[in-house]
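Q: Take this structure, written in structure tokens, and hold onto it; I'll ask about it next.
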Amino acid sequence: MADTIFGKIIRREIPADIVYEDDDVLAFKDLNPQAPVHVLFVPKRALATLNDATPADAELIGKLILAAAAYAKREGLDKDGYRAVINCNEHGGQTVFHLHVHLLAGRRMHWPPG
Ligand code: 5GP
């Protein structure tokens, strides 16, 4: 897949406010937050979109979501709750084509989303 801004963040070529890292996942604050807490969880092995995921990626995607849930718990966001979102392609509102999970918290979310 083509390189993206998230690839550059993973390689430390551009700065980001990194809040979590392990062998498979990097998490950093969103530049344009949509909630008091807005963190992006990004797999170091990039997939462009959720459409590109195969059964071989099941463990990686599981780790990504569990990393977001563990972060929410560590930060005390779990009781009030939060939203974890993957946008896919145009109708999903995806703008960076390196799969990522948005963790949004710190305010009440609305449903259905706009
Ligand atoms: P998407 O729209 O693809 O689901 O989400 C991409 C997210 O990346 C957006 O919320 C946007 O604000 C964020 N973003 C775009 N460029 C950068 C950047 O250079 N640094 C950080 N930290 N976030 C970015």
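Derivation of every value follows stated rules applied to the coordinates shown; laboratory data play no part. Being a predicted model, the structure only gives us computed values, none of them experimental. Neighbour counts are summed over all protein chains in view; Cβ atoms, including those assigned to glycine, are modelled from backbone coordinates with ideal geometry.
Q: Is it the case that segment 35-54 has a residue that's in a strand (DSSP E or B), of a type in the set (Asp, Glu) and either surrounded by fewer than 17 Cβ atoms within 10 Å (Cβ to Cβ) or more than 12 Å from the ligand (Cβ to nearest atom) (or both)?
A: no
Q: Only residues that are assigned to a strand (DSSP E or B) and either free of Cβ contacts under 8 Å to residues at least 24 places away in the same chain or within 7 Å of the ligand (Cβ to nearest atom) (or both): list them for segment 9-34, please.
A: Those that are assigned to a strand (DSSP E or B) and either free of Cβ contacts under 8 Å to residues at least 24 places away in the same chain or within 7 Å of the ligand (Cβ to nearest atom) (or both): ILE18, GLU21, LEU26, PHE28, LYS29.
Q: (1) over 13 Å from the mean Cα position of the chain (by Cα); (2) assigned to a helix (DSSP H, G or I); (3) closer than 18 Å to PHE97 by Cα: which one isn't true of ALA58, the others all being true?
A: Of the numbered conditions (1) over 13 Å from the mean Cα position of the chain (by Cα); (2) assigned to a helix (DSSP H, G or I); (3) closer than 18 Å to PHE97 by Cα, the odd one out for ALA58 is (3).
Q: If you don't mind, there's one more thing I want to ask. Which one is farthest from PHE41 (Cα to Cα), of the residues in segment 88-114 that are surrounded by 18 or more Cβ atoms within 10 Å (Cβ to Cβ) and of a type in the set (A, V, I, L, M)?
A: For segment 88-114, the residue satisfying everything is ALA105.
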